[in-house]
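In what follows, a structure is listed as structure tokens, so that the remarks can point back to it.
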Amino acid sequence: MKKTLFLLTLPLAAYAADIAVPADADLQHYLDSAQAGDHLTLAPATYHGNFVVNTPITLSGSTMGETVLDGGGKGKVLHIKASDSTIEHLTVQHSGSSLFDMDAGIFADRGAHNIRIHHNHARDNLFGIYVWGPEKGIVEHNTITGQATGRVNDRGNGIQLWKSLHTVIRNNTISGGRDGIYVTNSKYNLFENNTISGIRFGIHYMYTEDSEVKNNHLSDLESAYVIMFSNRITVRDNESDNSREHGLMLNAVNQSEISGNRIKGANKCVFLYNANQNGFHHNHFSNCAIGVHSTAGSTDSRIHDNAYIGNQTQVMYVGTRHIEWSNDEHGNYWSDNSAFDLNGDGIADMPYRPNNILDQVLWRAPNAKILINSPAAQLLKYAPTTIPRHPPRRRGGQPPADESADGHTINNHQARQTNSTGTTHASLYSRPRQSAQPWLGRR
């Protein structure tokens, strides 16, 4: 039986042809007439209409930027239904505007497995490239310029995935539209080396598992990496600059690894909401209004060997449980830590406290900030650092403990912190700035 199948497939490969499609040709006629394996090369011209690929072929432009598929503002410009197809060197533009109909520049249907979409320019489409359910697709080296007018919620995304497995999205440049890359209900995907700027969310995950985001470069967004209701996601060696809200947001994300990322200049470098059992290490969070904001039961995560540089508020933790801020006695670097390192081991001799009583007051009563320069406020701010305290030992031979201003006990051992709702009193082993440099990542 295997020999028979092999013999039957030989004629298909033998008759595959290179076909030049003239500028004035009926492109859909050529697509319908093509045999599996054919290579159709389009002329440097504009082909108007909506086109469907029903046969496994390679569809190429003569030179990217010179061969244009123009949908005229209607429907899907190029609809791929056949597996093992390749789309390359085309400019695809002017799709329809129906979110319900998923109008897109290039639309890969759920039966179009093993496709490759590369070196194309999708511009002025509702969705740039929409991957709707196929497996093992590759989308790489494309430039996607989305719509920049109208309400953000009425725009489509640069690249969108739905129920897609083992899809690789890499080396794409995306601007305009709603979100750069949006993925939902998918698994085993890789987003790598993409450059995204000037839109709402850069990379947006929903209900996705066992996937990886690495080496992406995002800038000037509302939020850069937004991962929600997903598990076992690896986020490593990415960059984010100048996000208006979040550099990285994890909402109901569990069992994920966040490492080697550099996030700079956001309202919140990291926002954790009900995110549990995650690992954060060797990240660089700098020049944000808040370094890390953790709330809504975000616990049981390993947070160590990170650098917090020049954030106005290093940590804002809203919760009542102990959380661990070290791993095997490895803490974090804090740029504003003034503790000494008398024995020269690179570890601060005193626990680091990122917040004080005044922070607690302001978080509970934001309107109190009008009194920030009053003598009473300054007393609350500086008294804990100037008045010595001699806390008692715990029973049972526990390590020495400090008592926080709200009466809770803070265990100094291995960088634990505890606090009441709306405040943070963190005791964290960290590298003192006088004798050590922060971990700076791979760059």
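Values quoted throughout were computed directly from the atomic coordinates according to the rules given, and no laboratory measurement underlies them. This is a predicted model, so every value here is computed, not measured. Cβ sites come from the backbone with ideal geometry, for glycine too, and all protein chains shown count toward neighbours.
Which peptide among 266-273, 125-132, 326-333 comes first, and what is the full order, when sorted by highest mean count of other Cβ atoms within 10 Å?
By packing density, highest mean first, the sequence is 125-132, 266-273, 326-333.
Using a Förster radius of 35 Å, what is the FRET efficiency between V152 and H39 based on their Cβ-Cβ separation? Nearest 0.05, please.
After rounding to 0.05, the efficiency reads 0.30.
How large is the dipole of the stretch 127-186 about the Cα centre if only Lys and Arg carry +1 and Asp and Glu carry -1, each at its Cβ, rounded to the nearest 20 debye?
On the way: 6 positive and 4 negative charges, 14 e Å.
Charge dipole, the stretch 127-186, about its Cα centre: 60 debye, nearest 20.
Taking a quarter of the surface of the Cα convex hull of the stretch 242-303, what do you get in nm²?
In nm², the orientation-averaged hull projection of the stretch 242-303 is 3.5.
Just to be sure I follow the rule: in the stretch 15-199, considering lysines 8 or more places apart or on different chains, how many pairs have Cα atoms under 15 Å apart?
Final tally of qualifying lysine pairs is 4.
Net charge near G65, counting Lys/Arg +1 and Asp/Glu -1 over other residues with Cβ under 14 Å of its Cβ?
Counting the neighbours of G65, the net charge comes to -2.
Remind me, what semi-axes does the stretch 243-347 give for its equivalent ellipsoid, largest first in whole Å, using sqrt of 5 times each Cα gyration tensor eigenvalue?
Equivalent-ellipsoid dimensions as semi-axes: 21, 17, 12 Å.
Can you bin the stretch 206-264 into rounded, prolate or oblate? Criterion: square roots of the alpha carbon gyration tensor eigenvalues sorted a ≥ b ≥ c, rounded for a/c under 1.5, prolate for a/b above b/c, oblate for the rest. Write down the numbers at each step before the final one.
Numbers: a/c = 2.33, a/b = 1.48, b/c = 1.58.
Taking the square roots of the gyration eigenvalues as a ≥ b ≥ c, the stretch 206-264 is oblate.
Starting from the Cα of R232, step 7 Å along the direction of its Cβ; do the same at S335; then give the gap between the two resulting points in nm.
3.7
Would you mind giving the average projected area, over all directions, of the Cα convex hull of the stretch 297-347 in nm² with one decimal?
Average projection, Cα convex hull of the stretch 297-347: 4.4 nm².
How big is the dipole moment of the stretch 1-148 about its Cα centre under a simple scheme where the beta carbon of each Lys and Arg is +1, that of each Asp and Glu is -1, and everything else is neutral? Debye, nearest 20, please.
Numbers: 9 positive and 15 negative charges, 106 e Å.
With only Lys, Arg, Asp and Glu charged at Cβ, the dipole is about 500 debye.
Students often check this: by mean Cβ neighbours within 10 Å, which of 345-353, 20-28, 51-59 ranks highest, and how do the rest follow?
Peptide ranking by packing, descending: 51-59, 345-353, 20-28.
If all Cα-Cα distances of the stretch 157-243 are sorted into 5 Å bins from 0 onward, what percent lands in each bin, rounded to whole numbers?
Taking every Cα pair in the stretch 157-243, the percentages come to 4, 17, 30, 28, 17, 4, 0.
In the stretch 15-199, with Lys and Arg counted as +1 and Asp and Glu as -1 at Cβ, which of these residues, F107, G72, L190, has the Cα nearest the positive end of the dipole, that is, farthest along it?
Towards the positive end, the residue furthest out is L190.
With just the Cα atoms defining each centre, how far is the stretch 278-299 from the stretch 134-201? Give it in Å.
Going from one Cα centre to the other spans 25 Å.
At q = 0.12, 0.15, 0.18 Å⁻¹, what is the log10 ratio I(q)/I(0) for the stretch 15-199, with the Debye formula run over Cα points and no solvent?
-0.49, -0.78, -1.14
With a Förster radius of 56 Å, plug the Cβ-Cβ distance of S98 and D328 into 1/(1 + (r/R0)^6) and report the FRET value to the nearest 0.05. Let's see the in-between values first.
Working: r = 55 Å, r/R0 = 0.97.
Efficiency computed from Cβ-Cβ geometry: 0.55.
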